[in-house]
Amino acid sequence: MKKFKKKVYVPLAVDFLHEGHINILKIAQKYGEVIVGLLTDEAIASYKSIPILNYKNRELLVKNLKYVSKVVPQTTDDYINNLNKIKPDYLVHGDDWKYDNRKRIRTKVIKTLKKWSGKLIEPRYTKNISSSKIKNKILEIATLPENRISRLKRLMLSKKIVRILESHNSLTGLIIENLKILNKNSSVEFDGMWSSSLTDSATKGKPDNSSLDFSARVSSLNDMMDVTTKPLVFDADNGGQLEHLPFLIRSLERSGVSAIIMEDKIGLKKNSLFKNQSDTQQDKPQTFAKKIKKICSARRSNDFLVIARIESFILGKGLKDALYRAEIYSKAGADAILIHSKEKTPAEIFSFANAFKKSKYYIPLVSVPSTYSKVYEKDLIRNGFKLVIYANQLLRAAYPAMQNAAKTILQKRRAFEIDKKIIPIKEIINLIKND
Ligand code: SPV
Ligand code: MG
């Protein structure tokens with residue numbers, strides 16, 4: 001008579017396969033047939049940053065390990081659904097979860113397993129894995145242009161909203177890369193960088209009127225790309241000449257940029273937040289659609305996103321015009337629509353979102369809450385926005401702080417008074433680690 005093997009469930013994320021995983025799997029297979037519950041990108045994104053490798057790649061790695069019989073997707077950060085379905089005899093998990101914010105999940109797992117007398121096995125967590133070596137390896141993989149390009153699309157498919165912050169140099173890029181705020185059961189962070197025409201120009205002492213040409217823009221974003229892994233969204237003003245677009249796309253893709261945002265205006269570029277827009281003109285929707293098509297055919301990667309930015313509200317044209325354009329841009333191949341506004345509340349962009357939702361040409365929406373900054377991300381999510389860009393806050397924070405330091409030194413004729421308001425020299429020396 002055929003003897004059925006016991007079922008052993010092993011939940012794993014496997015962003016980067018290391019000996020700790022092998023230890024766990026080796027122990028697990030001693031108890032029976034190993035079924036790995038592999039966390040999907042969406043499940044991982046619900047409590048930490050998405051993994052470097054996508055689900056398919058991770059599945060391929062794990063499926064081919066000799067200790068593993070089967071891989072099933074685990075779509076939430078707890079295992080209860082899968083456990084109820086599979087009813088494993090054992091669940092194997094490293095004992096590290098006893099001590100951190102996964103304690104809650106552990107309790108739930110023990111309770112669930114009890115229903116069919118399943119047992120929890122907790123091997124000692126493998127310490128001393130060379131995390132800096134792994135980190136360097138990850139950095140190498142994550143910064144390969146093709147991996148970085150597709151990361152934004154993966155984030156948009158995995159997260160309720162993707163959070164992007166303006167970055168105007170490598171240091172701001174590093175803030176975006178490294179800052180994490182720990183909540184009870186999850187951590188929050190920025191998902192990527194915005195290369196803003198406004199702050200990039202201002203940093204170089206130039207107005208936001210395209211006087212900084214694309215090669216200068218690409219060169220400054222390359223500085224940020226050198227030291228970060230997160231995706232970057234490029235503000236391309238109106239994209240420039242149709243005929244030149246393929247060359248811009250080539251440089252952006254080569255640098256690993258994930259998306260281009262192009263606004264439907266013509267003539268001398270003027271920042272959209274200027275009060276007086278009387279001499280600003282919007283492009284003809286069909287002419288602008290040609291630019292979108294041009295980018296779609298020029299891009300080498302389908303994961304490189306084209307985001308069309310509609311300026312109808314900025315120029316007082318209203319909802320009907322915005323909707324009319326959104327459908328044309330979507331038909332032309334845009335992956336998302338940025339509906340821009342300089343109102344104090346998000347009312348007009350929400351009215352747009354509500355109406356556009358009903359269109360068969362609906363594509364995801366992007367918001368830039370500079371003037372309507374009271375809006376919470378949860379309200380943007382509720383209204384169907386998938387990407388939020390905080391477009392200029394880091395430069396606005398840095399400038400008055402620097403101005404104040406300079407002024408204090410001038411007033412006091414010495415630096416002592418500003419010392420307590422700025423970071424110590426020791427900290428600035430150690431700010432950039434050399435490991
Ligand atoms: C930028 O940051 O350069 C933008 C957004 O394009 S806005 O300043 O609102 O035009
Ligand atoms: Mg701009």
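Placing dummy labels 7 Å off each Cα toward the beta-carbon, the span from R414 to L171 is 2.5 nm.
Ignoring lysines fewer than eight residues from K270 along the same chain, the ones with Cα atoms less than 21 angstrom from its Cα are K204, K206, K284, K291, K317, K342, K344.
Determine, for D15, D279, D95, D235, the number of other Cβ atoms within 10 Å of each Cβ, and report the residues in order from fewest to most.
Details: D15 17, D279 8, D95 12, D235 24.
Starting with the residue having the fewest Cβ neighbours, the order is D279, D95, D15, D235.
Computed from the Cβ-Cβ distance with R0 of 51 Å, the FRET efficiency linking K85 to D279 stands at 0.20.
Taking the number of other C-beta atoms within 10 Å as the exposure measure, put R254, R309, R163, R413 in order starting with the fewest.
Values: R254 13, R309 25, R163 18, R413 6.
Exposure proxy ranking, most exposed first: R413, R254, R163, R309.
When the P(r) is computed for region 68-210, the part past 21 Å accounts for 65% of the Cα-Cα pairs. The residues M224, M193, when put in order of fewest to most other Cβ atoms within 10 Å, stand as M224, M193. Direction-averaged projected area, Cα convex hull, region 7-121: 6.4 nm², rounded to one decimal. The simple Förster model, with R0 at 22 Å and r as the Cβ-Cβ distance, assigns I22 and K115 a FRET efficiency of 0.15.
Each of S272, N430, L139 was placed along the dipole of the chain (beta-carbon charges, centred on the mean Cα), and the one lying farthest toward the positive end is L139. What the pair-distance distribution of region 355-421 shows, using all Cα-Cα distances binned every 5 Å from zero, is 3, 14, 16, 13, 10, 9, 8, 8, 7, 5, 3, 3, 1, 0 percent. Taking amide H atoms as placed 1.01 Å from N in the peptide plane, the amide H of L65 has no partner under 5 Å among residues 5 or more positions away or on other chains.
Treating only the Cβ of Lys, Arg, Asp and Glu as charged (+1, +1, -1, -1), what charge dipole size does the chain show about its Cα centre? Round to the nearest 20 debye.
Charge dipole of the chain: 1880 debye, to the nearest 20.
When the C-alpha to C-alpha distance is required to be over 23 Å, the pairs from K360/K386; K56/K108; K7/K184 that qualify are K56/K108; K7/K184.
Working from label points 7 Å from Cα in the Cα-to-Cβ sense, the S373 to L319 distance is 2.8 nm. If I take all pairs of Cα atoms in region 230-276, what percentage of them are more than 14 Å from each other? So the portion of pairs separated by more than 14 Å is 55 percent.
Taking Rh as the Kirkwood radius computed over C-alpha pairs, what is the Stokes-Einstein D of region 145-391 at 25 °C in a medium of viscosity 0.890 mPa s, expressed in µm² per second? Using the Kirkwood radius from Cα pairs, D works out to 136 µm²/s. With contacts taken as Cα pairs under 8 Å at a separation of at least 6 residues, the chain carries a relative contact order of 12 percent.
Calculated from DSSP H runs of 4 or more alone, at -39500 (n - 2.57) each and per residue, what is the 222 nm mean residue ellipticity of the chain, nearest 500? Mind showing how you got there, number by number?
Numbers: 18 runs with 187 residues, N = 435.
Calculated mean residue ellipticity at 222 nm is -13000 deg cm²/dmol.
Karplus-based coupling profile of region 201-218, in residue order and whole Hz: 5, 4, 4, 9, x, 10, x, 7, 9, 6, 5, 8, 7, 4, 5, 5, 4, 5, with θ = phi - 60° in 6.51 cos²θ - 1.76 cosθ + 1.60 and x standing for Gly or Pro.
Rounded to 0.05, the FRET efficiency of the E243 and S219 pair, given R0 = 22 Å and the Cβ-Cβ distance, is 0.50. Each residue of region 247-253 was assigned a 3J(HN,Hα) from its phi angle through the Karplus curve 6.51 cos²θ - 1.76 cosθ + 1.60 (θ = phi - 60°); the sequence is 6, 5, 4, 4, 5, 5, 5 Hz, with glycine and proline shown as x.
Label separation (I423 vs A401): 0.8 nm, computed from points 7 Å beyond Cα along the C-beta direction. Taking θ as phi - 60° and the Karplus parameters 6.51, -1.76 and 1.60, the scalar couplings of region 184-194 work out to 4, 10, 8, 10, 10, 7, 7, 8, x, 10, 10 Hz in sequence order, x denoting glycine and proline. Computed from the Kirkwood radius of its Cα pairs, the Stokes-Einstein diffusion coefficient for the chain at 4 °C and 1.567 mPa s stands at 53 µm²/s.
Bear in mind that the values in this text are calculations on the coordinates, not laboratory data. Not measured: the values here are computed from a predicted model. As a convention, Cβ positions derive from the backbone with ideal geometry for all residues, glycine included, and neighbour counts pool all protein chains shown.
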